[in-house]
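Colleague: First, the structure itself, so that you have it in front of you.
The values are calculated or read from the model by the stated rules, or taken from the named source; none is laboratory data. Everything numeric here is computed off the predicted structure, so don't read it as measured data. Counting neighbours? That spans all protein chains shown, and the Cβs are built from the backbone with ideal geometry, glycine included.
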Amino acid sequence: MNITIRQLQIFEAVAQHLSYTRAAEFLFLSQPAVSMQIKQLESEVGMPLFERMGKKLFLTEAGDELLIYARNISQQLVELNDVMDEIRGSERGRLTIAVATTANYFALKLLGEFYQRYSGTNINFDVTNRESLLKHLNENTADMVIMGRPPEGMDVEATSFLDNPLVVIAPKGHSLTKQKAIPLSVLQQETFIMRERGSGTRIAMENFFEESGYSISSVMEMSSNEAINQAVEAGLGLGIVSQHTLELELALDRLEVLDVVSFPIMRHWYLVHRKGKRLTSLMSAFKRLVLDDALKILK
Ligand code: PGA
């Protein structure tokens, strides 16, 4: 295949905007120039990359696949640029970090410390759930990821640096708050507010109950820890969340952690990057700060 980087960039823009016109505006090109490049790319690939249904443009299966490679290649080009900058002795650098929603409670403190040490750095920060973090790793769109449980079947380097206990929370004054060593069978009679599918907390919780032979029922799903904490506080049900999300709620005495048998579910936080990734000195510095100093910084 005789594909140019320029064609891939144009393809990426069309795939992102799902519109030739908007991609053309974004790239400061004319619309016919964009559609000609896509036509040439499609003829190289030998298959259509987009299909139109009604007024909407969609990626075909071939388009979806090509997009993964196109993003990887652009990320590699950005990395190449960084490395060249470094060789040129430039002080400034760029760092793209993605963290799990739940890790955000402490990750900003780590970034704050990092920024103090390397103030010229241009930091890109994404807070998202486990599923999207896996996508970041897969498409090489983040230099480093902070997540619970490293991905299986993916070539990554993962090092754990912090505990992540999951606890059961109840509103103040709930009848179970006075009970010690609550058996799991009692939890079965309660209703729970759960994180969305794709969340690492949710997966860990489901695995835990599956292994224990008990099951719990959910009244509601929410995609943010804050929302769960507030819903529990409002008496809508019990919740299972990471201890990291509770600092404020416990300090303000808004919620209580229940004493449940086999809890907390002990998980860990990992710093993860693709195996073989060429780490710039800035990335290595961030890695060192997280692995060596996180406990001190977060104390
Ligand atoms: P999450 O946290 O629930 O915010 O996705 C990630 C994890 O705990 O693995």
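Colleague: Somewhere in the stretch 154-169, is a residue within 12 Å of the ligand (Cβ to nearest atom) and not in a strand (DSSP E or B)?
Modeller: no
Colleague: Further question: Which of the residues that make up the stretch 112-133 are hydrophobic (A, V, I, L, M, F, W, C) and surrounded by fewer than 21 Cβ atoms within 10 Å (Cβ to Cβ)?
Modeller: Hits for the stretch 112-133 are 123, 125, 127.
Colleague: Within the stretch 249-299, count every residue that is part of a helix (DSSP H, G or I), within 21 Å of the chain's Cα centre (by Cα), exposed (fewer than 15 other Cβ atoms within 10 Å of the Cβ) and of a type in the set (Gly, Ala, Ser).
Modeller: Total meeting the criteria: 1.
Colleague: So, in the stretch 179-194, exactly how many residues are hydrophobic (A, V, I, L, M, F, W, C) and more than 30 Å from the chain's Cα centre (by Cα)?
Modeller: 4
Colleague: Can you name the number of the only condition in (1) within 16 Å of the ligand (Cβ to nearest atom); (2) in contact with a helix residue (DSSP H, G or I) (Cβ under 6 Å, 6 or more places away or on another chain); (3) assigned to a loop (DSSP other than H, G, I, E, B) that residue 193 fails?
Modeller: Checking residue 193 against (1) within 16 Å of the ligand (Cβ to nearest atom); (2) in contact with a helix residue (DSSP H, G or I) (Cβ under 6 Å, 6 or more places away or on another chain); (3) assigned to a loop (DSSP other than H, G, I, E, B), the one that fails is (3).
Colleague: Can I ask one more? Quick check: is even one residue across the stretch 2-16 small (Gly, Ala, Ser) and in contact with a strand residue (DSSP E or B) (Cβ under 9 Å, 6 or more places away or on another chain)?
Modeller: Yes.
Colleague: Please determine, by comparing only the residues of the stretch 203-221 that are in contact with a Ser or Thr (Cβ under 7 Å, 6 or more places away or on another chain) and of a type in the set (A, V, I, L, M, F, W, C), which one is modelled with the lowest pLDDT.
Modeller: 219
Yes/no matrix, rows are residues, columns are (1) in contact (Cβ under 8 Å) with a residue 40 or more places away in the chain; (2) part of a helix (DSSP H, G or I):
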| site | (1), (2) |
| --- | --- |
| 15 | yes, yes |
| 22 | no, yes |
| 34 | no, yes |
| 52 | no, no |
| 70 | yes, yes |
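Colleague: Which of the residues that make up the stretch 211-229 are in a loop (DSSP other than H, G, I, E, B) and more than 14 Å from residue 104 (Cβ to Cβ)?
Modeller: Correct list: 213, 214, 215, 216.
Colleague: Within the stretch 245-284, how many residues are within 26 Å of residue 95 (Cα to Cα) and out of contact with any Pro (no Cβ under 9 Å at 6 or more places or on another chain)?
Modeller: 16
Colleague: Could you list, in sequence order, all residues of the stretch 93-151 that are of a type in the set (D, E, K, R), more than 10 Å from the ligand (Cβ to nearest atom) and either within 23 Å of residue 64 (Cα to Cα) or not in a helix (DSSP H, G or I) (or both)?
Modeller: Once the filter is applied, which keeps residues that are of a type in the set (D, E, K, R), more than 10 Å from the ligand (Cβ to nearest atom) and either within 23 Å of residue 64 (Cα to Cα) or not in a helix (DSSP H, G or I) (or both), the stretch 93-151 yields 94, 126, 135, 139, 143.
Colleague: Here's a follow-up. Out of all the residues in the stretch 113-134, which are under 17 Å from residue 288 (Cβ atoms) and of a type outside the set (S, T, N, Q)?
Modeller: Once the filter is applied, which keeps residues that are under 17 Å from residue 288 (Cβ atoms) and of a type outside the set (S, T, N, Q), the stretch 113-134 yields 113, 114, 115, 117, 118, 123.
Colleague: Would you check if residue 25 is charged (D, E, K, R) and surrounded by 13 or more Cβ atoms within 10 Å (Cβ to Cβ)?
Modeller: For residue 25, the condition - charged (D, E, K, R) and surrounded by 13 or more Cβ atoms within 10 Å (Cβ to Cβ) - is met.
Colleague: One residue is enough: does the stretch 208-226 have a residue meeting the conditions within 23 Å of the chain's Cα centre (by Cα) and of a type in the set (Val, Ile, Thr)?
Modeller: The answer is no; no qualifying residue exists.
Colleague: Still on this structure, please answer the following. Is there any pair linking a residue in the stretch 90-107 that is modelled with pLDDT under 90 to one that is among the β-branched types (Val, Ile, Thr) and within 11 Å of the ligand (Cβ to nearest atom), with Cβ under 8 Å and at least six apart or on different chains, and which?
Modeller: Note: pairs meeting the criteria are 105/245.
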